Amino acid sequence: MHSCKRGILIEQYDKLDYYKRRFLFAGRLPVQNTTREEIDIYSSIQDSLEISEDTISIIGVGDMMLGTNYPADSYLPPNDGKDILAPVKDILIDADLTFGNMEGTMLSDSGDVKKCSNPAVCYAFKSPDHYISYFKEAGFDVLSLANNHSGDFGVPGKTNTVRLLKENAIEFAGLLEYPFTIFVKDSITYGFCAFAPNNGTVSFNDHDNAVSLVKHLDSLCDVVIVSFHGGAEGSSRTHITKSNEIFLGENRGNPYKFSRAVIDAGADIVFGHGPHVTRAIDIYKGRFIAYSLGNFATYGRFNLKGVSGIAPIVKVYVNEKGEFISGQIFSTKQIGEGGPILDPEQRVLKEMITLNKIDVPESKLVIDDNGQVCIKQD
């Protein structure tokens, strides 16, 4: 057995199945269907770990659209969507803070659907009002509204989404009217802001404004989290280019340059999404970057073939200054019409290991075959 800060590696995996191995790192083990021998192994590992009391665990996931009642209710999941996050709920709730990108709006009423110049590549998403409870029950504390679907149903869609988030005490940011949020949880003051290259959102391409906003948050908060919806889309766009990315004639920005600019300004964690595929992860000045977290929970109207149907749950451990300590990648996949389940084949983990070697070979992050993320020791 080897340790790496908070994480652990176990050499004898024949006694633990995939699901339980993942929870060993998360700090707890499901009791149901767990043998006495497995509990003893787990307990001995826990006793050997020295976990600092000031360690903060933060989970990030990518795009989420739990089902849409537009253009028809047939695009909603079975059982009224109640089960869509259930297979991964135990992981999502086991963090001090859990983040994701809400790709769409919450609106039971009709709203003002956007007009599309090219209907063949245009989609509009709105989930029923009560679907907000599924985010709450799954442990989400903060959501990004900075994406190309937050304005799908005009002012009514935005207004209703904001109302529901406030009523359910879920923090959010990314709209022009709501560029950032500051909140306290477990005595830690968090600052959160979100950016996208889309109308009605805080601009991803205006780096000067982003830097100014992050500096403001850094002056007031213990930990600053930045989210961006940027980069070109599609299964062929898994690589970061370190330059501006263009998609359908639109400037989707430079995720690599943006991430470094906001960290220079005081950001502690950067969670990217938008390409609908998973990209590399990175570390810069001791701060964690995920360039794209992929399609995490996207039901009904998304391409989920190949790399588009796999995504990580990234759990990051930082200290009270936001400095990266370690991390863990949980592999998920979506099958059929969608909805995340754990992936025993760990395909997205393997994909991320490969992407990191190709796209950021200079990075000091090390991802092992079990999903543990550490800083390379000099």
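Observations on the structure shown:
- Any hit, region 319-334, residues being among the polar types (S, T, N, Q) and not in a strand (DSSP E or B): yes
- Number of the condition not met by Ile358 [criteria: (1) without any contact (Cβ under 8 Å) to a residue 40 or more places away in the chain; (2) surrounded by fewer than 15 Cβ atoms within 10 Å (Cβ to Cβ); (3) under 30 Å from Ala265 (Cα atoms)]: (1)
- Residues of region 335-367 classified as in a strand (DSSP E or B) and not β-branched (Val, Ile, Thr), total: 3
- Candidates Gly234, Gly266, Gly272: the one that is crowded, with 24+ Cβ neighbours inside 10 Å and of a type outside the set (Lys, Arg) is Gly272.
- Per the conditions (1) surrounded by fewer than 21 Cβ atoms within 10 Å (Cβ to Cβ); (2) part of a strand (DSSP E or B), the sole criterion not satisfied by Ile313 is (1).
Okay, residues lined up against (1) over 16 Å from Arg252 (Cβ atoms); (2) in contact with a strand residue (DSSP E or B) (Cβ under 8 Å, 6 or more places away or on another chain); (3) of a type outside the set (Val, Ile, Thr):
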| residue | (1), (2), (3) |
| --- | --- |
| Pro156 | yes, no, yes |
| Leu175 | yes, yes, yes |
| Cys193 | yes, yes, yes |
| Asn205 | no, yes, yes |
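- Conditions (1) under 14 Å from Gly100 (Cβ atoms); (2) among the β-branched types (Val, Ile, Thr); (3) outside any strand (DSSP E or B): number failed by Val307: (1)
- Candidate set from region 326-348 (those that are surrounded by fewer than 21 Cβ atoms within 10 Å (Cβ to Cβ) and among the hydrophobic types (A, V, I, L, M, F, W, C)); member that is farthest from Ala138 (Cα to Cα): Ile335
- Residues that are crowded, with 16+ Cβ neighbours inside 10 Å, free of Cβ contacts under 8 Å to residues at least 24 places away in the same chain and closer than 21 Å to Val262 by Cα are absent from region 133-155 altogether.
- Applying a threshold of 6 Å to beta carbon distances and a minimum spacing of six or more residues, or different chains, the list of pairs starting in region 339-350 at a residue that is within 12 Å of Leu85 (Cβ to Cβ) and at pLDDT below 95 and ending at one that is among the hydroxyl-bearing types (Ser, Thr, Tyr) and part of a strand (DSSP E or B) is empty.
- Residue match in region 110-122 (condition: part of a loop (DSSP other than H, G, I, E, B) and modelled with pLDDT of 95 or more): no
- If you filter region 156-196 down to residues that are within 22 Å of Asp109 (Cα to Cα) and hydroxyl-bearing (Ser, Thr, Tyr), you find that the one that is surrounded by the fewest Cβ atoms within 10 Å (Cβ to Cβ) is Thr159.
- Some residue of region 53-71 being at pLDDT below 55 and not β-branched (Val, Ile, Thr): no
- Gly266 over 14 Å from Gly322 (Cβ atoms) and small (Gly, Ala, Ser): no
- For first residues located in region 57-77 and without any contact (Cβ under 8 Å) to a residue 60 or more places away in the chain, partners that are in a loop (DSSP other than H, G, I, E, B) and among the hydroxyl-bearing types (Ser, Thr, Tyr) and lie 6+ apart or on another chain with Cβ distances below 8 Å form the pairs Asn69/Ser108.
- Gly139 vs. criteria of a type outside the set (A, V, I, L, M, F, W, C), over 22 Å from the mean Cα position of the chain (by Cα), at positive phi and not in a helix (DSSP H, G or I): no
- Condition check for Asp83: in a loop (DSSP other than H, G, I, E, B) and either more than 21 Å from Gln334 (Cβ to Cβ) or not assigned by TED's automatic domain parsing to the domain that holds Thr181 (or both): no
- Of all positions in region 282-302, at least one carries a residue that is of a type in the set (A, V, I, L, M), farther than 19 Å from Ile353 by Cα and buried (at least 24 other Cβ atoms within 10 Å of the Cβ).
The values are calculated or read from the model by the stated rules, or taken from the named source; none is laboratory data. As the structure is a prediction and not an experimental result, all values here were calculated from the model. When we count neighbours, we look across all protein chains shown, and the Cβ atoms used for this are built from the backbone with ideal geometry, even at glycine.
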